[in-house]
Amino acid sequence: FFKSCKKKSKRMHSLQVDSVQRWMEDLRHMTEVECMCVLQAKPIGVEEDTQGELIVATGDHVARNNLQTLLRRALVVSTELGKMFQRLEKGRWQRVHSTAVRANCHVRSLVHEYSTARNTPAEMQKYEKSLLEKCMELTTITERCLHTEDEFFLKSMREAIHEILTDVSDSFSHMIDMALANEIQILIRQIESSDSVYTIGSAISNLLSLTQDGPQLCRIIAKEGAVVALFKICRQDCFSDLYAHALRTVASICCVEEGINQLEKVDGILCLADILTDGNSAEAARAEAAAVVAQITSPHHTSTQHLGSFLESMQDIVTALIKLCESASCGEVFLLASAALANITFFDSMACEILLQLNAIHILLQSCKDRQRVDTPYSKDQVVTILANLSVLEQSSSEVLQEKGILLQLLGEKPSSSSPSEGAACERVQQKAAVTLARLSRDPDVAQTAIQLQAVPRLIELCRSPAERNNSDSVLVACLAALRRLAAGCPDSIEAADHQQLIKPRLVDSFLLCSNMEESFV
């Protein structure tokens, strides 16, 4: 027993020494103002959330890129301010004050670090001074609430603190945006002024990394002129090795309207067309150019002003994209090229006519047989989207007839894993394949061929078995529509029981019947 107690005592002593030692080591790297904040926060208790612990500027952190460090520190401050709002609502005054002290500490540390690393612009210095004053005010006012239980006083203080806290949050966000804009300007100057491929590549990598942190950063990057600088690189032969990297960054920035507007101003679409149609361009560069095209033609964008200049180059772009689909060396290249084509077919019927002239249906359906090019449901989703949009044209029927069976194989698409995104992609493939079949079956020859290839049993299986369609209502509706189109042309192709339940009732009644089925009746 005594030996056991002795061991426990040694272990506890060891843990205490380790934590004190670690704290002492950290103190060497902390600024003076941080030390003061820690002292003001006594007594030091154990918080239930360890995420709010101080992050200090150790050697490892200093070595990191300024942008990533700035974002990391900003996230910590934002988290602390969010906690303050929650604790303020619950009236947990001790927690509110300790969080205010900690947030004050983080803000002062961040401002001190950034000012040390960079020459802060005058406008930003004003924001920093104002923000630090507000943080100190927040710390002072929350401390007053610890020494009273007067409900009326605390209620009035809650409103005042909430107002100050909102002001601090807004000011902090604005200051971070200004700091990020300053850092982005430095990166853009490196891209514009350097002759070194390594330096430019490093700056582009930092910009690309920033674009992954959300649309707000993409807006700042676009506003500071990054798209203009990147297209300057893409117009210089000496930087051809950087084309793919630069275009990938452009595609990321163009997830926001500001990025697309900048692309339009510098005739970016013409540059994309040049890269796509240049036989000497590397496949990686053409693939990333396709990614930019897919991004700017995405149906999710509300503004379509940029599409005016796109139409002027559409013939060249569509031709280059279908060639890229045909020659793609891997699944990623095919996916990017086919996604661009899928988006283009949504907004202009002329693109569909161009694709038919280029024998696109044959190229795309044959690609589905090549596992090297079409290796995921995501690629098949793009292919069947293009087919669905092409199927509105009457001349597409004869093209599909020549590729017997491949479209029906897409009706049988199933996920190879339990990934929700892959399951959703398979649902889209099944739905669009059924839509394409329904549209094409207005031609009696196509309908007859589909029946001969056993399309009806598969459609019935998808209707009656929720598991086959991953419980998707959209797949069910598309399959019911395709069945009814086939039944209209060839009534004898469907058995009486199926006709009674799936064809004869109103569509909504058949839908309700099938959507409530838990097992297949086939």
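The figures follow:
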read-out: Selection status of Gln382, in a helix (DSSP H, G or I), under 26 Å from the mean Cα position of the chain (by Cα) and not basic (Lys, Arg); value: yes
read-out: Selection count where residues are hydrophobic (A, V, I, L, M, F, W, C) and buried (at least 19 other Cβ atoms within 10 Å of the Cβ), scope segment 486-498; value: 3
read-out: Segment 141-166 residues that are of a type in the set (Asp, Glu), paired with ones that are in a helix (DSSP H, G or I) and surrounded by 12 or more Cβ atoms within 10 Å (Cβ to Cβ) (beta carbon under 6 Å, 6 or more apart); value: Glu143/His97
read-out: Residue, nearest to Gln86 (Cα to Cα), within segment 139-157, restricted to residues that are open to solvent by 70 Å² or more (accessible area, probe 1.4 Å) and assigned to a helix (DSSP H, G or I); value: Lys155
read-out: Test: Ala287 is closer than 25 Å to Ala181 by Cβ, open to solvent by less than 10 Å² (accessible area, probe 1.4 Å) and touching a residue at least 24 places away in the same chain (Cβ under 8 Å); value: no
read-out: From the options Glu403, Glu353, Glu399, residue that is in contact (Cβ under 8 Å) with a residue 40 or more places away in the chain, out of contact with any Lys or Arg (no Cβ under 6 Å at 6 or more places or on another chain), part of a loop (DSSP other than H, G, I, E, B) and open to solvent by 10 Å² or more (accessible area, probe 1.4 Å); value: Glu403
read-out: Total residues in segment 214-250, condition assigned to a helix (DSSP H, G or I) and open to solvent by less than 30 Å² (accessible area, probe 1.4 Å); value: 20
read-out: Close pairs (9 angstrom Cβ cut-off, 6 or more residues apart or separate chains): touching a residue at least 60 places away in the same chain (Cβ under 8 Å) in segment 499-514, part of a helix (DSSP H, G or I) and open to solvent by 40 Å² or more (accessible area, probe 1.4 Å) anywhere; value: none
read-out: Filter result (open to solvent by 10 Å² or more (accessible area, probe 1.4 Å) and either touching a strand residue (DSSP E or B) at 6+ places or on another chain (Cβ under 8 Å) or among the aliphatic types (A, V, I, L, M) (or both)) within segment 356-372; value: Leu356, Leu358, Ile363
read-out: Output for segment 178-213, where each listed residue is open to solvent by 40 Å² or more (accessible area, probe 1.4 Å), closer than 16 Å to Ile253 by Cα and in contact with a helix residue (DSSP H, G or I) (Cβ under 9 Å, 6 or more places away or on another chain); value: Ser205, Ser209, Gln212, Asp213
read-out: Within segment 499-522, considering residues that are polar (S, T, N, Q) and open to solvent by 70 Å² or more (accessible area, probe 1.4 Å), the one modelled with the highest pLDDT; value: Gln500
read-out: Of all residues making up segment 251-278, the number that are under 22 Å from the mean Cα position of the chain (by Cα), open to solvent by 10 Å² or more (accessible area, probe 1.4 Å) and not small (Gly, Ala, Ser); value: 5
read-out: Pairs where the first residue, in segment 248-268, is at pLDDT below 95 and of a type outside the set (Val, Ile, Thr) and the second is part of a helix (DSSP H, G or I) and open to solvent by 60 Å² or more (accessible area, probe 1.4 Å), C-beta under 7 Å, 6+ apart; value: Cys255/Pro215; Glu258/Arg219; Glu258/Lys223
read-out: Close pairs (9 angstrom Cβ cut-off, 6 or more residues apart or separate chains): in contact (Cβ under 8 Å) with a residue 60 or more places away in the chain and assigned to a helix (DSSP H, G or I) in segment 455-466, buried (at least 22 other Cβ atoms within 10 Å of the Cβ) and aliphatic (A, V, I, L, M) anywhere; value: Ile460/Leu483; Ile460/Leu502
read-out: Any hit, segment 332-352, residues being under 30 Å from Asp195 (Cβ atoms) and of a type in the set (Asp, Glu); value: no
read-out: Any hit, segment 365-380, residues being touching a Ser or Thr at 6+ places or on another chain (Cβ under 7 Å) and of a type in the set (Ser, Thr, Tyr); value: yes
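One line per residue, one yes/no per condition, for (1) touching a Cys at 6+ places or on another chain (Cβ under 7 Å); (2) open to solvent by 20 Å² or more (accessible area, probe 1.4 Å); (3) not in a helix (DSSP H, G or I):
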| site | (1), (2), (3) |
| --- | --- |
| Ala425 | no, no, no |
| Thr436 | no, no, no |
| Arg442 | no, yes, yes |
| Ile451 | yes, yes, no |
| Ser474 | no, yes, no |
| Arg484 | no, yes, no |
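The values are calculated or read from the model by the stated rules, or taken from the named source; none is laboratory data. Quantities reported herein were computed from a predicted structural model and do not represent experimental measurements. We place every Cβ from the backbone using ideal geometry, glycine too, and count neighbours over all the protein chains shown. Only protein heavy atoms, including side chains, enter the accessible area calculation; ligands, DNA and RNA are left aside. Shrake-Rupley method; radii C 1.70, N 1.55, O 1.52, S 1.80 Å.
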